[in-house]
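The next block holds one structure in the form of structure tokens; read it before the comments.
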Amino acid sequence: MMDSAALEAERGAAAIKPQFLTSKEQFHEFLSSGRSSQKNEEDPDGEPEKKKIRLENDGKTAEQEKKMKMRGQNKNRPHVKPHTYEDKRLCTSIIQERDTVCPYGEKCRFLHDVSQYLSTKAADLGDQCHLFNTLGKCPYGLTCRYAKAHTSADLKNMVNTELYRASAGRENTTNLLDKELQKRLRKKQQRFPGADAFLKSIGRAPKPEHNTREQRGKHEDQRQNTEDQNKNTEKQSKNTEEQSKNTEEQRENTVEQSKNGSDSANGQETQVPPIKTIGPITDADIIKLRPCEKKQVDFRDKLYLAPLTTCGNLPFRRVCKRFGADITCGEMAMCTNLLQGQASEWALLKRHTSEDLFGVQLEGCFPDTMTRCAELLNQNINVDFVDINSGCPIDLVYKKGGGCGLMTRTSKFEQIVRGMNSVLDVPLTVKIRTGVQQNSNIAHKLIPEMRKWGVSLITLHGRSREQRYTKLADWDYIDTCAQLAAPVPLFGNGDILSYEDAMKARETGVSGIMVARGALIKPWLFTEIKETRHWDISSTERLDILRDFTHFGLEHWGSDTQGVEKTRNFLLEWLSFLCRYIPVGLLERVPQRINERPPFYMGRDYLETLMASQHVDDWIQISEMLLGPVPKNFSFLPKHKANAYK
């Protein structure tokens, strides 16, 4: 018979020292005993636990349940908006203690009675407010869940004058959506001259909008009026043409005089402007940047944090920057939503001051929308590069021709790249996969073409769309593509979870490494790669990292009930990846592989064991250590599942 160690190795489980291994029943029994004892200490007369909701659908066969578990997303997960946790909210005029009365008056749907609000407000989560300690003043006032740290006896928001003056005028977050710009986008009043010029050059000029009958009648009346006006203007134009001829003759005489005048004495000649101008002419009026004169970014030998949907938010990127990430990129943003002025989509473009090399990633499938969006961002936000997502595998994006779909639509892809390049002042990068089908790689055919199109950087994920994460990344193919891409830098992406994996990747011809899931499982991976060591990080150090994330989340999303619960939800999404980490001191062989399933094991302390749990209730318990108890109607199911183990 095959021994247990060989059986575990065949199944793809990580090799852990025997003294730490345990069974599933003993693992959950140990955690539940610790959870119950902790609850009894906090509330000896507490209520019994509510019945757990069964997440799997009843009546499913074993094969159907297996297929459901192998999917990468929980598409039917329950979704509770954070603002539903607080029925009655306080008006912002009261929160900010304005001298003026609320402009909405009696029609305002928020509370103006402070005592009534405080009677329904949930209990505070602590006596120290991170925003007050950092900024000197908490912008959320009485609605802050840590309000007793900065509320006076007369219910006024206190201010630390010295700290507030030091932080005043310092913007930690940029790329905010301007309200006037949002209005223009919603009313479709924003102009895109650069994009329109490019679209006209490829025969895709914007079509005029269809008018209603009433509008057509109005236009006909206007046309008649304009025709009458044109007849009068034609007579005037003849007179002005005769006058302009005289003025041109005078200009020629004055130019000849100036050449022979004072400028000739200095050995210089004055140049006539190439176009007729009114007022002073500047370089920006007649000079367009050449590709070589655009802003350049040195991407080589950098550690690139991948744009991660849901988990790659601004607080998480700040954590990774502290551990040594060189390049960061915002989450994938839909270009159509940006052009419509959706605030939730523009929030994905926000940039923290610590992100010194930052880009945004756009998703789209048509040259007109992508080019206009690129011009819009070029004029209104501050980024170092713009990335095109042509590697997204999800059905919602792929079926409409975006993401991986662009790899099979080369003509559209080329128009998108050339159009965006024509309106951007920063480098344009592209992220692709090996292909769409599993055994049909097409990246090697696209890369030489993209080099001609003017791409500044190519990032290649070493898997196809069909593979998702069920097989290891093909680094031999990445090496081949890197040679084809030269001199354009190519970054490799896939299965980097240790500095040894990074060293093997650097032995190929890639210019740098992109880290995605590895950063979610262990964000200190960037430090390990730069210091070429395995970090046996303790459970308390990992909890401190989570505490920093919650502090960054309260700064980003707010310290009121809505902000706290939003921070908690993103923390729980991240914990669904963090639980896959196995401490170095527990491994029989180092390092941990990204496709090895963590077996049930006991950590060196209770917290380390708790962090190894893949049960949602245990993740919620960790969040309660940092953000207090969850609301009564709270429910959570992670967006992503682990389907990399097979």
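Values as computed for the structure displayed
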quantity: Heavy-atom surface of the range 385-459, accessible at 1.4 Å and reported per residue (Å²); calculated: 34 Å²
quantity: Debye intensity ratio in log₁₀ form over the Cα atoms of the range 98-168, taken at each q of 0.17, 0.19, 0.26 Å⁻¹; calculated: -0.72, -0.85, -1.17
quantity: Rounded to whole Hz, the Karplus (6.51, -1.76, 1.60) HN-Hα couplings of the range 477-492, x for glycine and proline; calculated: 5, 4, 4, 4, 5, 5, 5, 6, 7, 3, x, 6, x, 10, 9, x
quantity: Cα pair count fraction exceeding 17 Å, expressed as % - the range 412-484; calculated: 45 percent
quantity: Solvent-accessible area, 1.4 Å probe, carbon plus sulfur percent, for the range 443-591; calculated: 47 percent
quantity: Where only alpha carbons of the range 475-631 are counted, the Rg and the Dmax (Å); calculated: 17.9, 55
quantity: Stokes-Einstein diffusion coefficient of the range 347-489, Kirkwood radius over Cα pairs, 37 °C, 0.692 mPa s, in µm²/s; calculated: 212 µm²/s
quantity: Neighbour-limited loop hits for trypsin sites (Lys or Arg not before Pro), the range 294-324 (at most 13 other Cβ within 10 Å; DSSP other than H, G, I, E, B); calculated: 295, 300
quantity: D_trans [Stokes-Einstein, Kirkwood Rh over alpha-carbon pairs] for the range 422-537, 10 °C, 1.306 mPa s, µm² s⁻¹; calculated: 107 µm²/s
quantity: Rounded to whole Hz, the Karplus (6.51, -1.76, 1.60) HN-Hα couplings of the range 442-457, x for glycine and proline; calculated: 10, 4, 5, 7, 7, 4, x, 5, 5, 4, 6, 6, x, 6, 8, 7
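The values are calculated or read from the model by the stated rules, or taken from the named source; none is laboratory data. These numbers come from a predicted model, not from an experiment. Backbone-built Cβ (ideal geometry, glycine too); neighbour counts: all protein chains shown. Note: accessible area is taken over every heavy atom of the protein model, side chains too, but ligands, DNA and RNA are not part of it. Shrake-Rupley method; radii C 1.70, N 1.55, O 1.52, S 1.80 Å.
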